[in-house]
Structure formats: structure tokens, C-alpha cells
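A.B. asks: Here it is: the structure, laid out below.
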Amino acid sequence: MKRVRWSLGGVLGSTPARFAVVSLVPVVVLGSFLNSAVRSSIRVRTADVYGSMTEVMFHMAGDLIIRPEDFADGRPLPAERQAAVEALLSRVGADAGTLRLRIVDQQGRVLYANQEADRAQATSPVDGPVRRALHGETATRFVKDYLDPAARTGRQDLIEIYLPITFDGDPKVYGAIIATGINGSQIQTIDHDVHRMQTTLALGLASLWLALLPIASSLSRRLRRKSQENEALALYDTLTGLPNRNLLAERLSAAIEVAGRTSERVGLLLVDLDRFKEVNDTLGHGRGDELLQRVAGRLLETIGRDGTVARLGGDEFAVLLPSIEGPACLASVSDRISAALADAITVEGVDVDIQASIGGATFPDHGELGEVLLQHADIAMYAAKASEHVFVCYSAEIDSHSPRRLALAADLRRALASNGQIVLHYQPVASPVTGEVKSMEALVRWHHPHRGLLQPADFIPMAEQSGLICNLTTKVLDLAVRQAREWMDAGLDLSIAVNLSALDLRSMTLLDDVVATLARHRVPPHRLELEVTETGILAHPETAVQLVAALRAAGVHIALDDFGTGYSSLTYLKKLSPDRLKIDRSFVDAMTHDSTDAEIVRSLIELAHSLAIGVTAEGVETEQHWNLLRDLACDLVQGYYLARPLEAPAAAAWVRERSRSLRTGSVVGSA
Ligand code: C2E
Ligand code: MG
Ligand code: MG
């Protein structure tokens, strides 16, 4: 793209002279072609006219000058006929100085010649146009030759006419008249016409070319302006006017190249605002944008002429310091940045406290290529986000600790800001008695741009460690509740279950998030079931218990997921009083071949029922599981025997098909 812009700009923009030269060539070629075509056409037509005129003239003179018997023996014409020819010639004003005339018979014998030199020759060669005339064809042509073959001085433009000699009522060709004339004045007229035509053509083409030149140069100016605008768009962020990622990458490479020669260091800081999304959601995008502009302003003031401040997208900024003494300098610049952001920013009358996480990397200590430095600063920034510190400088240690995780964290962050990468698959949950589908569990998947479809196990732990899990939960909640609304509108009576992580349970903001999401999509709270795990509750027991109580009070259902895998199940069963238990699939799997496990499942179901808690069994993979759980009075079952997790449209189609089959009695357990 960029290359195309440059080449157009180069040829048309910076060198209009080049355009002039290049365009002149076809104009000149066209001019000479037209010139020669028109010239030869005029000449051919003129020669033809002369040919016809001469033919008419001799025809009218008829047998006054020549008769069939003159061709009997190949001897020259009798004197009276020669005199008749000469009389005819003088009548039309032709003499030996302007016309060379010969009359030949079929053998080329010269019967008459008006020039001395020709009379001396008994025969004339029978070739080319002479032969054609002897076969009855009139031929004319222009030649450059001597009129008088004996004199051989002064070649001239001559018209040659070859006429067959025939007599009325006789198809035979007796001989040919060969007339070679100067026609000086006619030739001059032709030349004059041709010159006039050439001049007109040249003037026409020149004015066409002159008219094209300003058009081309104004076009070139416009193209150049457009290309400059495009360049600005390609290199600068439109919101803040700061250099964007592309320009930063260019400047970073340039700085590294210089530093490589001068043995200096290049510093790179990535500055990411904390909780910007919250600000954006609360205050609206307009204020969010203004906040970003103000942050950009503060960063510019702080860095001044020491380096480049760029915006990489969203709430992510970068600071390039082309010449620093060592990694320690990064920490002090980072302190200055934190100090600059410490004062609340007032946006449309609202004071917003903003904090940032900053990651740093230096050339050559942490990488020799711009790309690597950016990646390492990114990793350091995520390490800062996950830690208590504002600033973390890259070190092999944080990287070797979990390089994939940190790189993946950067990707997840982008995935959360974009649409379509984070998707939900839905697994049906049904009654083992009626087989009817009651709800769908939303299970998150990540379409990673390079790694393909990732399962929760591939990224949930990383999301938890990097602090991105709450944003992920918000996203999943929104997608799931939106889906619940769509299914309600489509007449499908389904609840939706969403999994929460331990970290979601440590602050009360989740409550507002859930309530707002339900309201936004107009979904009644009882349609939503939130699945929490025992480990999740154990991490922050007090807040978790409080939060769960508040969520239940808001009408949302709570399920205790993977029940039986934790340590203090019974304690929390009492404290949380959830709506439902989900018996972990390890028990379900074991119960068909181990009677103790079957007993445990039976006791769990009974216990739950005695506390008015519903029970779902997970991991139902066989008909045997299904039947046993139904016999144990388990309320709901979920597992591959019923269906695997499906994409939303497939899940809806599956549910419809299943209820149709249930109505016709053609299915009991499995799909
Ligand atoms: P989970 O909540 O216990 O979800 C059930 C998991 O078991 C799903 O795996 C499901 O595909 C799988 N499963 C269902 N039926 C069967 C079966 O018959 N046999 C076997 N072997 N497996 C079955 P998935 O989707 O890989 O999810 C794994 C876990 O990741 C979930 O376990 C849940 O704890 C977590 N997870 C999934 N989505 C989210 C999410 O949006 N947020 C959070 N925080 N965690 C999630
Ligand atoms: Mg679950
Ligand atoms: Mg589970």
C-alpha cells in the first residue's frame, strides 16, 4: 500500500518533467504515424486520379493514334500516327521535358516513344506493372527517378501510369501505354497539402499535450496531498494526535540503529491505564476519549523532548527514550509518569483518578530488535499489572517464569477489546426423567488469531493470574445473557448458567455488573445461574459469602460447581445455601463400577434434597449413568451422553429437534 503511494507520488508528483517526457513519446509516435499514413494515402489517390484521366484521354483519342493493325509486326507506328500522338500530347501541354511516353506490344517491342533514348531501344523489359498492364490492369505509382533516362540528372517525384491497350468490342489486350510524368505543380500542391496537414497535426497534438500537462500536474498535486494525508493516518493516532504503533516501530528501529553505532541504550516503556474500561463504561465513550487525550497531554509534558510518546491503541501508551544511561533510568521516568498521573483528571466536571501499570525494556539488555523490545516491555507491563508494583522492568526471570502465559495475557487483553475472538459454546442440561432440556451452561472458548480454538483450561488460569479474569467474566456474562434474551424471543424456555472464577468473588463490583447486564438485556434474574466453586469461595470466604447472598437476593440462582472435589464442602453448603449442587464428574464416572462412589452420589443427592437444594450430575457419558442417576432421583443431568457443548445456533437447533422427538416419543435419553 505504502509502496504504491510512493511510486505514484514519485513519478507524477515529484517529477512532472518525467511525465512530460514520457507522455511526449506516444504523442510524437502518433504524429509520425498519422503523417506517413495520410501522406501515402494522398499520393496514392492522386496517382489514381491521374491514371484515370490519362486512360480517358487516350480512350477519347481512340483509333486516331493507334489501331489493331499497328501491332501486327512489332514495327514502330507509321509516321502519320506518330504525328497524331504528338499532336495529342501538345494539345494537353505535355512535351518530352514533362512526359516520357512509350507504347509497347505484348512482347515489349517499342512501337512508339517520345524520347530519343527510348526510341533507340527496340524493346522495353516486360516486368512488374508493365506485365500487369499487358494483362489488362491499369496501374499507377509514385517513384523517385529520372524523367529522361539518358540525361540521368536530377531525380524527381514522378507519376508512372501503365495503361492496357484494348479496342471496342475486342477483349484482347494488344499492348500497353507507359506514361511517366513530372506533374511538378501537382506534386507541389500535394506536398503543400501534406505540409499543411503535418503542421495542423503537429499543432493539434502539441495543444492536446499542453492541455494534458496542467491536468496531469494538478492530478499529481492532489495525489501527493492525499498520500500525505494517508501517511498521517497511517502513522498517527487520530484521537490523541500521538504517533501510533507503526510510527513508534519505525522510530524504535531508527533509535536502535543509532544506539548500535554509538553504544548507547534505548529505553522503551509501555504504559497501560488500570481500570480504564470501568471509567469508559461509567462515564461514557465521549468522556473516555477525553480522558485519553488528557493522559496523552500529561505524558507529553512529562517526557518533553527526551523521547517519543505514542498511543498503541485503547488505553495503552508507549514511551520511547532513544538515549538513556541504563535500565535504572526507566524506573525514574516511570516514577515521573506515575507522579504526572497522580492528580485526578477532571473530565466534564467529574474527577477521575487514574493509575497506570508500566513495563520497561532496554536495548541492548533486553533485546536487539524493536519487535522483541516491544514484546518484552509488554510482558513486563503485564507482570506489573499482576503485581503490587506500578513499574516492572523486564528480566529473563519473569519471562522464563511463564513466557507463554505473559504473551498470551497480552493477546487475551486484545481479544477482550475486540469482537468475535471470545465466544461461548452451550451445553444442554436436562431432566433424566422427562429428558426435557431445562438450561444451557455457557462454556467459554477463545478463537486465538494464531493458536486456533483454545479451551478454558488453556487460558482461564492465565486470565486469573494476570488479573484479566474479571474482564473475561464481564464479557462472558454479557454474551450469555444476550443469548438468553435471543432464545427467550425465539420462544425457547431455557435458563443460562455462567461460570465464575475465584477472583470474581473477591469484590462486590460483580453484583452491579450482573444486575446491569440483566437489565440491559431485559432478562429476568431467575433465568441466570452463576456457578461458583468451593475453591473460589475459600480464596476470599467472607466477601464470597456476602456476594453470593447479595446475588441470591437479587434473584439470581447460585450453583456450587464441581461439588465434592474441595475440602470443606459441607461447611459451605450450609453457609452459602446455594440453589443447586453440581456433582463433579469424577463421582459420576466412578459410580457405575464402584459401589462406594454410587453410595456417595446417593448420599449427596439425599443431603441436598433435605436442604432443599437441587442436584445436577456432571459428566453423564453413558446410558447407564443416565438411568442410575434417574433412579437416584437426581434432578438434572449434563454430559456427552446428552450433548457436547455446541455453538449457539447449533444448540438452539438441537433443543428444537429434541423437543420435537420428545413429543413423538422417539427419544428418552441421548440425542
Ligand atoms: P465446568 O464448569 O465443570 O464445565 C463442564 C466441563 O466439562 C466443560 O469443559 C464440558 O465440556 C465438560 N464436559 C461436559 N460433559 C462432559 C462429559 O460427559 N465428559 C467429559 N469428560 N467432560 C464433559 P470445558 O468447556 O472445557 O470447561 C472446563 C471448565 O472451564 C469448566 O468446568 C469451568 O470450570 C471452566 N470454564 C468454562 N467456561 C468458563 C467461563 O466462562 N468462566 C470461567 N471462570 N470458567 C469457565
Ligand atoms: Mg460449570
Ligand atoms: Mg463442573
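The values are calculated or read from the model by the stated rules, or taken from the named source; none is laboratory data. The structure displayed is predicted, hence computed values, not measured ones. Every residue, glycine among them, receives a Cβ derived from its backbone with ideal geometry; neighbour counts consider all protein chains shown. To get the accessible areas, we keep the full protein, side chains included, count just its heavy atoms, and leave off ligands, DNA and RNA. Shrake-Rupley method; radii C 1.70, N 1.55, O 1.52, S 1.80 Å.
A.B. asks: Confirm whether residue 457 is within 15 Å of ligand 2 (Cβ to nearest atom) and small (Gly, Ala, Ser).
C.D. replies: Considered against the rule, which asks whether it is within 15 Å of ligand 2 (Cβ to nearest atom) and small (Gly, Ala, Ser), residue 457 comes out as yes.
A.B. asks: Another one. Output the residues belonging to the stretch 577-590 that are within 16 Å of ligand 3 (Cβ to nearest atom) and touching a residue at least 12 places away in the same chain (Cβ under 8 Å).
C.D. replies: 578, 579, 580, 581, 582, 583, 584, 585, 586, 587, 588, 589
A.B. asks: Then there's this: Given the residues 577, 501, 586, which is the only one that is touching a helix residue (DSSP H, G or I) at 6+ places or on another chain (Cβ under 7 Å), modelled with pLDDT under 95 and among the polar types (S, T, N, Q)?
C.D. replies: Of 577, 501, 586, the one residue that is touching a helix residue (DSSP H, G or I) at 6+ places or on another chain (Cβ under 7 Å), modelled with pLDDT under 95 and among the polar types (S, T, N, Q) is 501.
A.B. asks: Then there is this: Just to confirm my filter: which strands (runs of 3 or more DSSP E) fall fully inside the stretch 490-581 and include at least 1 residues that are under 44 Å from the mean Cα position of the chain (by Cα)?
C.D. replies: 495-499, 528-533
A.B. asks: Additional query: Can you pull out the residues in the stretch 522-538 that are surrounded by 16 or more Cβ atoms within 10 Å (Cβ to Cβ) and either within 14 Å of ligand 1 (Cβ to nearest atom) or at pLDDT 90 or above (or both)?
C.D. replies: The answer is 523, 525, 527, 528, 529, 530, 531, 532, 533, 534, 536, 537.
A.B. asks: Could we say that residue 102 is touching a helix residue (DSSP H, G or I) at 6+ places or on another chain (Cβ under 6 Å), at pLDDT 80 or above and crowded, with 19+ Cβ neighbours inside 10 Å here?
C.D. replies: yes
A.B. asks: So residue 615 ticks every box in (1) in contact (Cβ under 8 Å) with a residue 60 or more places away in the chain; (2) within 16 Å of residue 438 (Cβ to Cβ) but one. Which box is left unticked?
C.D. replies: Only one criterion is unmet by residue 615, namely (1).
A.B. asks: Also, quick follow-up: Output the number of the condition that residue 545 fails; it satisfies all remaining conditions of (1) farther than 20 Å from residue 444 by Cβ; (2) within 16 Å of ligand 2 (Cβ to nearest atom); (3) of a type in the set (A, V, I, L, M).
C.D. replies: (2)
A.B. asks: Okay, moving on. So, residue 290, is that one more than 22 Å from residue 386 (Cβ to Cβ) and either exposed (fewer than 14 other Cβ atoms within 10 Å of the Cβ) or among the β-branched types (Val, Ile, Thr) (or both) or not?
C.D. replies: no
A.B. asks: When the stretch 471-482 is examined, which residues are found to be more than 10 Å from ligand 1 (Cβ to nearest atom), open to solvent by 10 Å² or more (accessible area, probe 1.4 Å) and under 14 Å from residue 530 (Cα atoms)?
C.D. replies: Once the filter is applied, which keeps residues that are more than 10 Å from ligand 1 (Cβ to nearest atom), open to solvent by 10 Å² or more (accessible area, probe 1.4 Å) and under 14 Å from residue 530 (Cα atoms), the stretch 471-482 yields 474, 478.
A.B. asks: Taking the stretch 312-358 on its own, how many of its residues are closer than 17 Å to residue 288 by Cα, aliphatic (A, V, I, L, M) and assigned to a strand (DSSP E or B)?
C.D. replies: The number of residues fulfilling the criteria is 6.
A.B. asks: For the structure I just gave you, tell me whether residue 617 is within 16 Å of ligand 1 (Cβ to nearest atom) and surrounded by fewer than 22 Cβ atoms within 10 Å (Cβ to Cβ).
C.D. replies: No.
A.B. asks: Just checking, how many residues over the stretch 66-81 are touching a residue at least 24 places away in the same chain (Cβ under 8 Å), open to solvent by less than 80 Å² (accessible area, probe 1.4 Å) and assigned to a loop (DSSP other than H, G, I, E, B)?
C.D. replies: 3
A.B. asks: How many of the residues making up the stretch 627-640 are open to solvent by 30 Å² or more (accessible area, probe 1.4 Å) and among the small types (Gly, Ala, Ser)?
C.D. replies: 1
A.B. asks: How do the pairs read when you match residues in the stretch 645-666 that are closer than 15 Å to residue 445 by Cβ and hydroxyl-bearing (Ser, Thr, Tyr) with residues anywhere that are more than 16 Å from ligand 3 (Cβ to nearest atom) and at pLDDT 95 or above, using Cβ under 9 Å and keeping only pairs 6 or more apart or on different chains?
C.D. replies: none
A.B. asks: Something else now. Mind checking whether some residue in the stretch 154-162 is touching a Pro at 6+ places or on another chain (Cβ under 7 Å), open to solvent by less than 20 Å² (accessible area, probe 1.4 Å), among the hydrophobic types (A, V, I, L, M, F, W, C) and closer than 18 Å to residue 65 by Cβ?
C.D. replies: no
A.B. asks: At least 2 residues that are closer than 21 Å to residue 562 by Cβ, in contact with a helix residue (DSSP H, G or I) (Cβ under 7 Å, 6 or more places away or on another chain) and of a type in the set (A, V, I, L, M, F, W, C) in each: list the strands (runs of 3 or more DSSP E) lying fully within the stretch 402-460 that qualify.
C.D. replies: 437-448
A.B. asks: Let me ask another. I'd like to check something: does the stretch 487-502 contain any residue that is closer than 26 Å to residue 455 by Cβ, of a type outside the set (S, T, N, Q), surrounded by fewer than 18 Cβ atoms within 10 Å (Cβ to Cβ) and within 16 Å of ligand 1 (Cβ to nearest atom)?
C.D. replies: No, the stretch 487-502 has no match at all.
A.B. asks: Just give me the residues in the stretch 94-117 being among the charged types (D, E, K, R) and within 19 Å of residue 165 (Cα to Cα), in sequence order.
C.D. replies: Selection gives 100, 102, 105, 109.
A.B. asks: In the list 519, 549, 559, 544, which residue meets the criterion of being free of Cβ contacts under 8 Å to residues at least 60 places away in the same chain and either open to solvent by less than 40 Å² (accessible area, probe 1.4 Å) or of a type in the set (Lys, Arg) (or both)?
C.D. replies: Of the residues listed, the single one that is free of Cβ contacts under 8 Å to residues at least 60 places away in the same chain and either open to solvent by less than 40 Å² (accessible area, probe 1.4 Å) or of a type in the set (Lys, Arg) (or both) is 544.
A.B. asks: Now, a different point. Identify, from the list 361, 377, 384, the residue that is on the phi < 0 side of the Ramachandran plot, modelled with pLDDT of 90 or more, part of a helix (DSSP H, G or I) and buried (at least 19 other Cβ atoms within 10 Å of the Cβ).
C.D. replies: Sole residue among the options that is on the phi < 0 side of the Ramachandran plot, modelled with pLDDT of 90 or more, part of a helix (DSSP H, G or I) and buried (at least 19 other Cβ atoms within 10 Å of the Cβ): 377.
A.B. asks: Taking the stretch 211-234, which residues are of a type in the set (A, V, I, L, M) and within 21 Å of residue 17 (Cβ to Cβ)?
C.D. replies: 211, 212, 213, 215, 216, 219, 223, listed by residue number.
A.B. asks: Checking the conditions here, which among 570, 604 is more than 21 Å from residue 428 (Cβ to Cβ) and touching a residue at least 40 places away in the same chain (Cβ under 8 Å)?
C.D. replies: Of 570, 604, the one residue that is more than 21 Å from residue 428 (Cβ to Cβ) and touching a residue at least 40 places away in the same chain (Cβ under 8 Å) is 604.
A.B. asks: Shifting gears a bit: Filter the stretch 318-338 down to residues that are small (Gly, Ala, Ser) and in contact (Cβ under 8 Å) with a residue 24 or more places away in the chain and give me whichever is surrounded by the fewest Cβ atoms within 10 Å (Cβ to Cβ).
C.D. replies: 326
A.B. asks: Take residue 430 and decide whether it is near ligand 1 (Cβ under 10 Å from one of its atoms), in contact (Cβ under 8 Å) with a residue 24 or more places away in the chain, under 21 Å from residue 578 (Cα atoms) and out of contact with any Pro (no Cβ under 7 Å at 6 or more places or on another chain).
C.D. replies: Answer is no for this residue.
A.B. asks: Within the stretch 641-671, take every residue that is within 13 Å of residue 430 (Cβ to Cβ) and within 15 Å of ligand 1 (Cβ to nearest atom) and give me the one that is surrounded by the most Cβ atoms within 10 Å (Cβ to Cβ).
C.D. replies: 651
A.B. asks: Let me ask you something else. Only one of these conditions is not met by residue 279: (1) within 21 Å of residue 391 (Cβ to Cβ); (2) crowded, with 20+ Cβ neighbours inside 10 Å. Which number is it?
C.D. replies: It is condition (1) that residue 279 fails.
A.B. asks: Can you tell me which residue among 305, 265 is touching a helix residue (DSSP H, G or I) at 6+ places or on another chain (Cβ under 9 Å) and not small (Gly, Ala, Ser)?
C.D. replies: Of the residues listed, the single one that is touching a helix residue (DSSP H, G or I) at 6+ places or on another chain (Cβ under 9 Å) and not small (Gly, Ala, Ser) is 265.
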